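These notes concern the structure reproduced below.
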Amino acid sequence: MKNKDGMRYPSIDKLLNKIDSKYKLVYAASKVAEILESEKLSVDNALCVKSVGIALEEILDDKVKIEFES
């Protein structure tokens, strides 16, 4: 079943356990979503419909590795 509730899923609290800043999280999600769209990648078992939601799911599930410079 696809999630059509908007940005209530995935949980911001769970996402902030993966990336410690809302600003970094937004940046990372936008970059992952950009890659998903530009490469026309399909993600199996995604609950979200929109690319940013799918990107957040991928971050939450540790399917992408994100490193930030200090």
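In this simple spin-label approximation, Ile35 and Val49 carry label points 7 Å from Cα along the Cα→Cβ vector, and these lie 2.6 nm apart. Per-residue ellipticity at 222 nm from helix content only, as computed over the chain with -39500 (n - 2.57) for each DSSP H run of at least four residues, stands at -15000 deg cm²/dmol.
With N set to the residue count of the chain, report its C-alpha Rg divided by 2.2 N^0.38 Å to two decimal places. Each step should come with its number before you reach the end.
Values: Rg = 11.5 Å, N = 70, 2.2 N^0.38 = 11.1 Å.
After normalising by residue count via 2.2 N^0.38 Å, the value is 1.04.
Since every read-out is calculated from the coordinates, none of them should be taken as a lab result. Predicted model only: the values in this text are computed from it and were never measured. Reconstructed Cβ throughout: ideal geometry from the backbone, glycine too, with neighbour counts over all protein chains shown.
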